[in-house]
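As structure tokens, the structure follows; a few thoughts come after it.
Each reported figure results from applying straightforward, stated rules to the coordinates on display, with no laboratory input. Because the structure is predicted, anything quoted here is derived from the model rather than measured. All Cβ positions, glycine included, derive from the backbone under ideal geometry; neighbour counts span all protein chains shown.
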Amino acid sequence: MRPFGTTTSIVAYEALSPRWEQALRLSWNATQTSQTTPSISNSSTFQYQYQALQDSGNNRTSTTVAEGTGSSTTNTRTVGLVWLAEYDLPTGQGIDFKAGFGPALTWTWNDADQNSTLISSDGTPVNAASSSASWTVSGGLRGSLGLRWWFVPRRLALAGEFEGGANLGYTSTNSSSNSAGNQILTSGNPTYKYSYATTTTAASNAHGWTLSTASYTCAVGVDAYF
């Protein structure tokens, strides 16, 4: 069991020879990232209705720029399965060095929500929100370097491993956004009445292949041998 590090892992070993082992590792991790953006802007085009006191209504189009703050929260979860052939090099004093290589399969998915409260130059509150979700399934080759310290000889060891490699994966991303604003203004001579209410919604989907060469993890825990 490797509960510490960038991932939490469960590892199963089998001895192939006095120096070689095969290892099957199941790992997972979850992270949440929150961010506040102190200054953002949003440009909106809207249609408003104006009406002079002595005239009938008509429609016109205008643009407003809104500014304010935004916040976002992103949740990322990863599950990985790796098979490694590992070479064990004892160095004395109960310490072994290990090196391994093998194929890996990784599944990653995340979801993100962004919200903002903006005020336009004419005092209009504009609320904007967006969300996205994506998943990636990838396979590749991994290499590992590790260190094992036997505190119960040949039975219990404190172990840590660093693992990295290249992945080729397929990614699917779905996103949506919406914004809304409304206001009534009066101006001009003679007096004109302007009013508008907007709601904008957009959605997108993207799919494609990705190549990653910077996929690294480390895990530390206690290994038991029987």
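Brief remarks follow.
- Highest-first arrangement of 70-76, 106-112, where packing means the average Cβ count within 10 Å: 106-112, 70-76
- Each of T210, T136 was scored by other Cβ atoms within 10 Å of its Cβ. Listed from fewest to most, they are T210, T136.
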